[in-house]
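Remarks on the structure that follows.
The values are calculated or read from the model by the stated rules, or taken from the named source; none is laboratory data. It should be emphasised that the depicted structure is a prediction, and the values quoted were computed from it without experimental measurement. Cβ: placed from backbone, ideal geometry, glycine included. Neighbour counts: every protein chain shown. Heavy atoms of the whole protein, side chains included, go into the accessibility calculation; ligands, DNA and RNA do not. Shrake-Rupley method; radii C 1.70, N 1.55, O 1.52, S 1.80 Å.
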Amino acid sequence: MNTESVNVLNTKSVFVIAIDGPSGAGKGTLSQLVAKHFGYHLLDSGALYRLVALSALNQGVDLQDEQAIADIARQLQVKFDIAGNTTRIVLDGNDVTDAIRHENVSMSASLIAAYPMVRSALLQRQKDFAQAPGLVADGRDMGTTVFPEAQVKIFLTASAEARAERRFKQLHEKGVEVNMAELVSDIKARDDRDTQRATSPLKPADDALVLDSTSLTIDQVLSAILAQVR
Ligand code: C5P
């Protein structure tokens, strides 16, 4: 059996819950809770795009050079070290868990994520996360492109203002002061880039349950997702 057929078998037989949506809708938190609830693996696909962006920035590679960025994506040496409830992300031997969350990396990740060659370089790496007993996959195109056969597809959204407010609170708690209007405009810029790119744009799969979390608590969204899985 060749590698491709093994991978197809793996992905098809494993239960996959795809959770897509725009930045700041709460996908990260919810995906972790759902994965913990079922004892499933977790794919934070955004972290892969962030790692490619960070690696390019560190190496001084021109972010406009699609081929060079795709080469970085293909050769990415990354380890996800899971200990209890925390995952440390190690790139080329360095812990970059916090570094990939910086605003300049967020913006650069959204830029390089529009390149078809980069998306295709990361495709199989993402599919390989589908391992027994199951996977919760968090991203923008989990239900449409990476796991179109996922048994459950959720599209989690919220207004740009609500998402900016949550981000504002998170940053404030870390002692980082930011301007609310700038946060809203950054989030809208990322939304535009994610929804308007030609390859795998951000959009709900036809068979996705769309959940608007603007006025819901985390517990309410979690209950809705668990109900959908059942
Ligand atoms: O989800 P997160 O904000 O960490 O993702 C970082 C960036 O990676 C996003 O702004 C988005 O442009 C891109 N991304 C993507 N497809 C995914 C996950 C993330 O294009 N499946």
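Summary of computed values
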| item | result |
| --- | --- |
| Accessible area of the stretch 92-230 divided out per residue, in Å², using a probe of 1.4 angstrom | 50 |
| Of all DSSP beta bridges in the chain, antiparallel share, percent nearest 5 | 30 |
| Carbon plus sulfur fraction of accessible area for the stretch 71-230, probe 1.4 Å, in percent | 52 |
| Amide N proximity, the stretch 147-166 versus K203 label position 7 Å along Cα-to-Cβ, cut-off under 18 Å | 147-149, 153-157 |
| The chain - convex hull of the alpha-carbon atoms, volume per residue in Å³ | 134 |
| Accessible area in the full protein assembly, largest first, 1.4 Å probe, for E165, E173 | E173, E165 |
| Difference of contour (0.36 nm per residue) and Cα-Cα distance, V78 to D212 | 44.9 nm |
| Share of Cα-Cα pairs in the stretch 99-230 lying beyond 21 Å, as whole percent | 51 |
| Pairwise FRET efficiency - D219 versus D71, Cβ, R0 = 41 Å, nearest 0.05 | 0.40 |
| Sorted peptide list for 74-85, 201-212, criterion being average Cβ within 10 angstrom, highest first | 201-212, 74-85 |
| Cβ-Cβ FRET estimate between N85 and R125, R0 fixed at 25 Å, reported to 0.05 | 0.55 |
| Relative contact order %, the stretch 19-229, counting alpha carbon pairs below 8 Å whose residues are six or more apart | 32 |
| Charge tally in the Cβ shell below 10 Å around M142, where Lys, Arg are +1 and Asp, Glu are -1, M142 excluded | 0 |
